[in-house]
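This report concerns only the one structure given below.
Just so it is clear, none of the values below were taken in a lab; they were calculated from the coordinates. Because the structure is predicted, anything quoted here is derived from the model rather than measured. No Cβ is skipped: glycine too gets one built from the backbone with ideal geometry, and neighbour counts run over all protein chains shown.
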Amino acid sequence: MAPETTPIHINQDLESTLNETRVFPPPPDFAAHAHIPSLGAYEDLYARSIADPESFWAAAARELHWFQPWSKVLEWNLPHAKWFVDGKLNLSYNCVDRHALGDNADKTAILWEAEPIGPNGQPEVRTLTYAELHQEVQRAANALKALGIKRGDRVAVYMGMTPELAIALLACARIGAIHSVIFGGFAAQAIADRVNDSQCVAILTQDSSYRRGSEIPLKRIVDEALATTPSVKHVVVLKRSGTPVTMHPTRDHWWHDLVSSVEPVCECEHMDAEDPLYILYTSGTTGKPKGLVHTTGGYSVQTYLTTKYVFDLNNPAHPNDVYWCTADIGWVTGHSYVVYGPLQNGATVLMYEGAPNYPAFDRFWEIIDRHQVSIFYTAPTAIRAFIKWGNEHVERHKLTSLRLLGTVGEPINPEAWMWYRDKIGHDNCPIVDTWWQTETGGIMIAPIPGAVPAKPGSATRPFFGIEPDVVTKPDSEGRYESVPLGSGGLLVIRKPWPSMARTIYGDDERFQKTYWSDVPGCYFTGDGARRDADGYYWLMGRVDDVLNVSGHRLGTMEVESALVAHTKVAEAAVVGRPDDLKGQAIVAFVTLEASALRPSSSANSADPASTAPVDLNALKDELKKWVTKEIGSLARPEEIRFTDALPKTRSGKIMRRLLRELATHGSIQGDTTTLEDFAVIAKLRESEEG
Ligand code: ATP
Ligand code: MG
C-alpha cells in the first residue's frame, strides 16, 4: 500500500488515454436558444452562485409554489443541513397542480408506451395531460387516505414502469406519506429487507409487469415477502396484465376499486421543507444498500433547477420537447429525472415499460422516431450494449428529432461517448455526462449544454451552487489539501447543497461515518477524480477500485477505456489482485463484440460451425499489447479473462468488488443481493477454470 499521505497521482504517461485535448463546443444552433447560451454566461452565474449560494438557491426556489415562505435559506450544522427553514410546500402541487391549473392543463404530461406489441403490430400508447394527471393523482391520494395511510407513514412501491407508478409517488407526496420505491426486479428477500428496515405500512404493487417479452409476477413475489413483513397492513394491486393473483380478503385491494370509490378532490398537505419525501436504497455497488432519506424543499428546488438547465427543459424556444430518461423509477435517476424534475418543469415525459431489445435490438430508436423524442438520457452500460449489438439497428432510424443527449451512472468510456455523439446524435447534439449519486439527490457535475464545451469521458464542470474539490487522502491527523490541477485524488463536496440526503434511515451514525468522517469538514463521495488543466472533472471510479501497480495509482476506468477502444472488445472491467512484486497485478475481465468471435476470413459466413475457432490466447496477447501501447507497460494486464457477461447491479453498474474477490480468492463471499444475474458468476468461474 502507498503511505497514508500519498495523493492518488495519475501517472503522467496515462493522460493521453483521457484525450483531454478533444473538445467539442456546443453546436451553435443549440446555443442560440439555450437557457445558458455561452461559456461566459455559465462562468458568470457559477461565480455568483458560489459567492452567495443562499441567494442563488433562494432565487431558484422562488420559481416554485410555496404555501408559506421560508424564514431562513440554510441552517448548517455539519453534517446536518436544513434548507428553506419554516417553508411549506408540496412537491405534488409543484409537479401537477401548478400546470393543471395554469397554461399547461392540456399539455401531455406522461406519454407511456407498453412493451408488448399488439396484434396490429403496434404497442399500446397512453397519454395523460396535466389535467388528467391531476385527477388521477388526487384519486390515488384519496385512496391511500381511505386505507388510513397518513402523513409520515412509509409506503413501499414495487411496480413496473407504468403511469400509475409515477402517480403513486405523486399521491404519496401529496398526502405526506414517505415513499420507498423498490426496483421491480428485486426478489422477495430484498423487498422484505427494505420494507422492514423502514417499517412500511403498505405496499403498492401490480399483478405482473412485462420485461423482455416475459411477465414478472410482482404480486406473487410480494406475497412471498409478506410472510416476513408484519408492519404491512395494506397491499394495493394495479391490474396490468390480468394475470390471476391471490387476493387476501382484508389486506389486499385492487387499485381500480379504490380509486373509483373515493372523492376526486384531494388538497395537498402543507409539508414542511424538511419533512421527509422519500427513502431510497442505493444500488449496492460497494456493499449493503443504504436507505437514504430525502426531504421536501431542497430536493424540489435542486431537481427543478438542474432539470431546467442541464436538459434545457422549460425553454420557450422548445415548447414541443419530448423528454425521455430511460432509467427505471426504482433508481434515484428515475425519481429525480423521470418524475420530479421534469414534471416540475411542465415537461412531456416519455415512459417506456420494457427492455431496449424487445422485440428487436432497435426498440429504443423506434420509440424515439415514433414519439419524436428530443431529449434522451440513458446510461453508459446501455450505450455499450447498443455498440455491441451493431450499428445496423440504429441506422435504420432517422433520430432527427433529438437535440440533446445525456448519460449517468458510471464514467462513460470516451469510445462510447464518441459513438453516442456520432451514431445517435448525428454530431449535432450536445452530450451531458451527469455525475451525481443517490446521496446527492440531484445532478452535481455536468456540462451546461449550450455553454460548456464537452470532452469525451469527462463530466466537465460543476452545477451552479455546487463546490466540489479533489483532495489528498487525509493523514493520521486529518490533514489534507486540494491536489493541483492535473492530479487525482478524492472527490469531495465542500459546501452543503439543497438536495443532499439528510441521513440514512434509522442509522444516522452510519450516515456520519460513511460520508462525513473520511475527509473532515467535507462530504466524501467515495469516488476518485482528477481535474485537468481547464478544471474539468474526470471521474476515475470508486476509490476502493483504484489500482496501485508498482507504487503508481491507476484508475480502473482508464485501463477499461483503453480495452473498450479495441475493436473486438465490447466491455471490460479491471481489478487489482495482490501481487508480491508489484503491490497489485491487473486482472481484466473482458466481453467481446459479437463479430470478434467470428474468424476474420469468414466474417459473413452463415454457418459459424464450419469455421475454425478463434484463437483466444492470441487475442489475449493482442489485448495486452494494445493496452501497453495505449497507456504504457505499467497498465499491462497480468491476466485477461474472457467472459459472456460482467456482474452488474440491477441498475446496470459493474460490480468490481465481486470481480476483485474472484480474482483474489477464486470465489465470492460478499453481498450479492443487488446483483442482476447470478448466472454471470457461474460463467465467470468457468472463465477462470477454462
Ligand atoms: P452503492 O453506493 O450502494 O455502492 P452506487 O454508488 O452504485 O451504489 P448510485 O448512487 O446509484 O449507487 O450511484 C452513484 C455512483 O455512480 C457515483 O458515486 C459514481 O461512482 C457513479 N456515477 C454516476 N454517474 C456518473 C458519471 N456521470 N460519471 C462517473 N461516475 C458516475
Ligand atoms: Mg454510492
Could you go through the stretch 479-495 in sequence order and give the Karplus-derived ³J(HN,Hα) for each residue, using 6.51 cos²θ - 1.76 cosθ + 1.60 with θ = phi - 60°, rounded to whole Hz, and x for Gly and Pro? 8, 7, 8, 5, 7, x, 3, x, 10, x, x, 8, 7, 10, 10, 7, 10
Specify the inter-centroid distance of the stretch 102-174 and the stretch 496-518, based on alpha-carbon positions, in whole Å. 31
So what does the Cα-only Debye profile of the chain read at q = 0.08, 0.09, 0.11 Å⁻¹, as log10 I(q)/I(0), no solvent term? -0.60, -0.77, -1.19
Using the 10 angstrom Cβ neighbour count as an exposure proxy, how do Phe376, Phe511 rank, fewest first? Phe511, Phe376
Separation in nanometres of the label points that stand 7 Å from Cα toward Cβ, at Asp103 and Asp422: 4.2
In this structure, the FRET efficiency calculated for Glu263 and Glu54 from their beta-carbon separation, with R0 = 60 Å, to the nearest 0.05, is 0.90
Segment Thr250-Asp86, length gained on full extension (0.36 nm per residue, minus Cα span): 55.1 nm
Vicinal HN-Hα couplings computed from phi for the stretch 68-80 (Karplus, 6.51 cos²θ - 1.76 cosθ + 1.60; Hz; Gly/Pro x): 9, x, 7, 9, 8, 6, 9, 10, 10, 10, 2, x, 10
Report the FRET efficiency, 1/(1 + (r/R0)^6), for Ala533 and Ala41, where r is their Cβ-Cβ distance and R0 is 25 Å, rounded to 0.05. 0.65
For the stretch 210-225, in residue order, the Karplus 3J(HN,Hα) values (coefficients 6.51, -1.76, 1.60; θ = phi - 60°; whole Hz; Gly and Pro = x) are 9, 8, 6, x, 10, 9, 9, x, 4, 4, 5, 5, 4, 4, 5, 5
Would you mind checking the tilt of helix 616-630 against the longest principal axis of the Cα atoms of the chain, expressed as 0 to 90 degrees and rounded to 10? 90
Where the centroid of each part is defined by its Cα atoms, how far is the stretch 310-366 from the stretch 462-479 in Å? 33
Checked against a 30 Å limit on the C-alpha separation, the offending pairs among Lys150/Lys648; Lys150/Lys219; Lys72/Lys150; Lys219/Lys653 are Lys150/Lys648
Multiply the residue separation of Gln122 and Leu485 by 0.36 nm, subtract the distance between their alpha-carbon atoms, and state the gained length in nm to one decimal. 125.4 nm
What does the charge count around Gly521 come to, taking other residues whose C-beta lies under 14 Å from its C-beta (Lys +1, Arg +1, Asp -1, Glu -1)? -2
Sort the stretch 215-290 into rounded, prolate or oblate with this rule: let a ≥ b ≥ c be the square roots of the eigenvalues of the Cα gyration tensor; rounded if a/c is under 1.5, and if a/c is not under 1.5, prolate when a/b is larger than b/c, oblate otherwise. oblate
Taking the 0 to 90 degree range and rounding to the nearest ten, how far is the long axis of helix 656-665 tilted relative to the main principal axis of the chain, both from C-alpha atoms? 40
Compute the FRET efficiency between Leu581 and Trp516 as 1/(1 + (r/R0)^6), taking r as their Cβ-Cβ distance and R0 = 41 Å, and round to the nearest 0.05. 0.65
Full-extension gain between His270 and Asp507, please, as 0.36 nm times their residue separation minus the C-alpha to C-alpha distance. 82.6 nm
Output the 0 to 90 degree angle, nearest 10, between the alpha-carbon long axis of helix 297-310 and the longest principal axis computed from the alpha carbons of the chain. 60
Residue order, fewest to most beta carbons within 10 Å, for Leu402, Leu547: Leu402, Leu547
Taking the dipole about the Cα centre of the chain, with the C-beta of Lys and Arg at +1 and of Asp and Glu at -1, give me whichever of Phe376, Tyr299, Asn548 is farthest to the positive side. Tyr299
Please arrange Asp534, Asp580 by how many other C-beta atoms lie within 10 Å of their C-beta, fewest to most. Asp580, Asp534
Determine the alpha carbon to alpha carbon distance for each of Lys82/Lys495; Lys308/Lys455; Lys455/Lys625; Lys473/Lys513; Lys568/Lys620 and list only those over 18 Å. Lys308/Lys455; Lys455/Lys625
